[in-house]
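Written out below as structure tokens is the structure these notes cover.
The values are calculated or read from the model by the stated rules, or taken from the named source; none is laboratory data. The structure displayed is predicted, hence computed values, not measured ones. Don't worry about glycine lacking a Cβ; one is built from the backbone with ideal geometry, like all the others, and counts go over all protein chains shown.
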Amino acid sequence: MSSGPRFRFAPSPTGFFHVGGARTALYNWALAKRLGGVFVLRIEDTDEARNKPEWTDGIIDALAWLGIHSDDPTFEGPYFQSEYAEAHLAAARRLFDAGAAYYCDLSSEQIQERAKAAGIGGYDGYSRDRGLGPGPGRVLRFRVPEGSTTISDLVRGEVVFDHSTIEDFVLLRSNGTPMFLLANVVDDMEMDISLVVRAEEHLPNTPKQQLLWQALGHQPPAWAHVPLLVNEQRKKLSKRRDKVAVEQYRAEGFLADAMVNYLMTLGWSPPGDREIVPWSMIEREFRLEDVNHSPAFFDVKKLTAFNGEYIRMMSIDDFIAACQPFLHSSDVPWPPDRFDASKFAAMASVVQSRASTLAEVPAVIDFIFLADPVVDEQAWAQTIAAPGAREVLADVTEAYRALPEWNVAALKDTLEMIGERHGLKKGKAQAPIRVAITGRTVGPPLFEALEVLGRDEVIRRLTMVASP
RNA sequence: GCCCCCAUCGUCUAGUGGCCUAGGACACCACCCUUUCAAGGUGGCGGCACGGGUUCGAAUCCCGUUGGGGGUGCCA
């Protein structure tokens, strides 16, 4: 058993894995690894019916994708908050018995009325000394003492909260079920959590939690509140407005290494002037004390750039392997039976430098596997209208028919020669051939494609387009 | 309303009182390379929110202003 710090990671139960949560998980993981601690996964929802197993599986799967494996000795869990229901209730009972909590029978309407009349914000502590016991329609509230609470935060330093600004918050609902705040603290105590790393949005509630830890007779954990991830409007990333599901980025062909690396550069940076760094270095260098205090914009453009770098760093075999799911997915543009693995392998290296996500791969070489690539009307009209274009097309078709050797060098030399004969530079000369073969004016290197396609198919496409 | 947090190029960041004429990356622009498009190379554009202090000296420390964000539920 490890004696190092115990971290807890508790993704919010929204049905998917949030990128902000992913970063927090990575922080916890890097720290647990370096400090010889434990990463505890907890599924937080006091309502058992909402602890959907498939969601938990999805989280574990997404964590594994990021390199946080549940079979690693550093990993513990998942634990389900709902399973600790008795401990939550027992804690509430202890608080009440000790006088640290009291019952209140005011409805929210009544509380609002009183607050309005008194000109204050929330609950005014009306039932503090009424000596009420438990009963229907009564909530259990925490008796916030006089004074102030100081939160020692590993990233922000000391933050002081005056108790006068904290109202007597609810511990148990009138139906007897525990509130999240209580459950959360009790779970942390049950699981011996010693370092809580979470997003900044939780900072204002931290004094309440610390008060609870103390009232329950425990030493509070160390806290670390990391900056929020925001959108271009500088608002907290949300499911509704923003693309925040890790699973979605994965499906769109982002590499786990790129995602992890990028996420880690938000609010923190590796030593030196390098941003693209291996996880081993991150694990060795990451410090909570070095984390920024301000929110960071999750920039998909920069993520994409990172991803391109990671794609180009792959060996050709790894690249081909990584492409497989995207080559055989159901929304591939070509008929599945026309796909040819060896043709793709022959094109792989030119594709690799052109793709910034794996999902872009099929579109780069779709013309190879399409029976008849759709020729863009406008592109064709413009290309063939250029001086000499029609002649080059005709001559090249003839020459390619008779070409003794079908390879990149021969294909290239022949076209260049014919282009020169018609006074065209290489760029102009290859244009009509490119459109005839690929259907577009832009694409991967032409001669490689011609070689892979083979003489018969090339001649077929060349003549097809020439005879309207 | 009240409480809390934050403030360096458009964005992510380096910077912890002199090494700062503020460094890097993404994006953008130009050029080079080049069969198109990429990739790669070179260069460019662009920032310490504002006002007061403290100090011989401030992006760095203090105060205020402004701006942004978060929290404030019988949600999690």
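Restricting attention to region A:112-129, and to residues there that are outside any loop (DSSP other than H, G, I, E, B) and hydrophobic (A, V, I, L, M, F, W, C), which single residue is surrounded by the most Cβ atoms within 10 Å (Cβ to Cβ)? Of everything passing the filter in region A:112-129, A:115 is surrounded by the most Cβ atoms within 10 Å (Cβ to Cβ).
Those residues that are in contact with a Lys or Arg (Cβ under 8 Å, 6 or more places away or on another chain) and within 6 Å of RNA strand B (Cβ to nearest atom), I need them from region A:421-441; list them, please. Lay out the reasoning, then the answer.
As a first pass, look at region A:421-441 and keep what is in contact with a Lys or Arg (Cβ under 8 Å, 6 or more places away or on another chain): A:432, A:434, A:436-437, A:440-441.
Selection gives A:441 alone.
Can you name the number of the only condition in (1) at pLDDT 90 or above; (2) under 30 Å from residue A:199 (Cβ atoms); (3) among the small types (Gly, Ala, Ser) that residue A:137 fails? All conditions are met except number (2).
Kindly check whether there is at least one residue in region A:396-419 that is basic (Lys, Arg), within 16 Å of RNA strand B (Cβ to nearest atom) and assigned to a helix (DSSP H, G or I). Steps first, answer last, please.
Taking region A:396-419 and keeping what is basic (Lys, Arg), we get A:401, A:412.
If we keep only those that are within 16 Å of RNA strand B (Cβ to nearest atom) too, we end up with A:412.
This time we only want the ones that are assigned to a helix (DSSP H, G or I), so: A:412.
Scanning region A:396-419 turns up at least one residue that is basic (Lys, Arg), within 16 Å of RNA strand B (Cβ to nearest atom) and assigned to a helix (DSSP H, G or I).
Scanning region A:395-423 for residues that are hydrophobic (A, V, I, L, M, F, W, C) and in contact with a helix residue (DSSP H, G or I) (Cβ under 7 Å, 6 or more places away or on another chain) yields a count of 8.
Inside region A:253-281, can you point out the residues that are touching a Leu at 6+ places or on another chain (Cβ under 8 Å) and outside any helix (DSSP H, G or I)?
Listed by number, the residues that qualify are A:253, A:254, A:255, A:266.
For region A:111-126, a residue qualifies if it is away from RNA strand B (no atom under 11 Å from the Cβ) and touching a strand residue (DSSP E or B) at 6+ places or on another chain (Cβ under 8 Å), and exactly one does: A:126.
With respect to residue A:154, is the statement that it is over 25 Å from residue A:108 (Cβ atoms) and under 26 Å from the mean Cα position of the chain (by Cα) true? Walk me through how you get there before you give the answer.
Working: over 25 Å from residue A:108 (Cβ atoms): yes; under 26 Å from the mean Cα position of the chain (by Cα): yes.
In short, yes.
If you check residue A:31 against the conditions, is it farther than 16 Å from residue A:247 by Cβ, touching a helix residue (DSSP H, G or I) at 6+ places or on another chain (Cβ under 9 Å) and not in a helix (DSSP H, G or I)? Spelling it out, it is not the case that residue A:31 is farther than 16 Å from residue A:247 by Cβ, touching a helix residue (DSSP H, G or I) at 6+ places or on another chain (Cβ under 9 Å) and not in a helix (DSSP H, G or I). Scanning region A:282-299 for residues that are surrounded by fewer than 15 Cβ atoms within 10 Å (Cβ to Cβ), outside any loop (DSSP other than H, G, I, E, B) and near RNA strand B (Cβ under 9 Å from one of its atoms) returns A:289, A:290, A:297.
In this structure, residue A:295 qualifies as under 19 Å from residue A:24 (Cβ atoms), modelled with pLDDT of 95 or more and in contact with a Pro (Cβ under 7 Å, 6 or more places away or on another chain). The condition of being hydroxyl-bearing (Ser, Thr, Tyr) and over 19 Å from residue A:451 (Cα atoms) holds for residue A:330. Residues of region A:412-468 that are loosely packed, with under 15 Cβ neighbours inside 10 Å, of a type outside the set (D, E, K, R), more than 44 Å from the chain's Cα centre (by Cα) and farther than 21 Å from residue A:366 by Cβ: A:417, A:423, A:463, A:466, A:467, A:468.
Pairing each residue of region A:241-252 that is β-branched (Val, Ile, Thr) with any residue that is not in a helix (DSSP H, G or I), provided the two are 6+ apart or on different chains, yields C-beta distances under 6 Å for A:244/A:18; A:244/A:237; A:246/A:17. The residue that is farthest from residue A:249 (Cα to Cα), counting only those in region A:30-86 that are surrounded by 14 or more Cβ atoms within 10 Å (Cβ to Cβ), acidic (Asp, Glu) and at pLDDT below 95, is A:45. Sub-8 Å Cβ pairs linking a first residue in region A:384-402 that is at negative phi and at pLDDT 95 or above to a second residue that is of a type in the set (Ser, Thr, Tyr) and surrounded by 17 or more Cβ atoms within 10 Å (Cβ to Cβ), at least 6 apart or interchain, are A:396/A:414; A:399/A:414; A:400/A:414, ordered by first then second residue. Residues of region A:203-235 that are touching a residue at least 60 places away in the same chain (Cβ under 8 Å) and over 16 Å from residue A:25 (Cα atoms): A:208, A:210, A:211, A:212, A:215, A:216, A:222, A:230, A:231, A:232, A:234.
Does region A:322-332 include one or more residues that are among the hydrophobic types (A, V, I, L, M, F, W, C), farther than 30 Å from residue A:196 by Cα, part of a helix (DSSP H, G or I) and within 14 Å of RNA strand B (Cβ to nearest atom)? Checked against the condition, which is being among the hydrophobic types (A, V, I, L, M, F, W, C), farther than 30 Å from residue A:196 by Cα, part of a helix (DSSP H, G or I) and within 14 Å of RNA strand B (Cβ to nearest atom), region A:322-332 yields no hits at all.
Name the strands (runs of 3 or more DSSP E) wholly within region A:130-237 that hold at least 3 residues that are buried (at least 16 other Cβ atoms within 10 Å of the Cβ)?
Details: elements: A:139-142, A:148-153, A:157-162, A:170-172, A:195-199, A:222-226.
By residue number, A:139-142, A:148-153, A:170-172, A:195-199, A:222-226.
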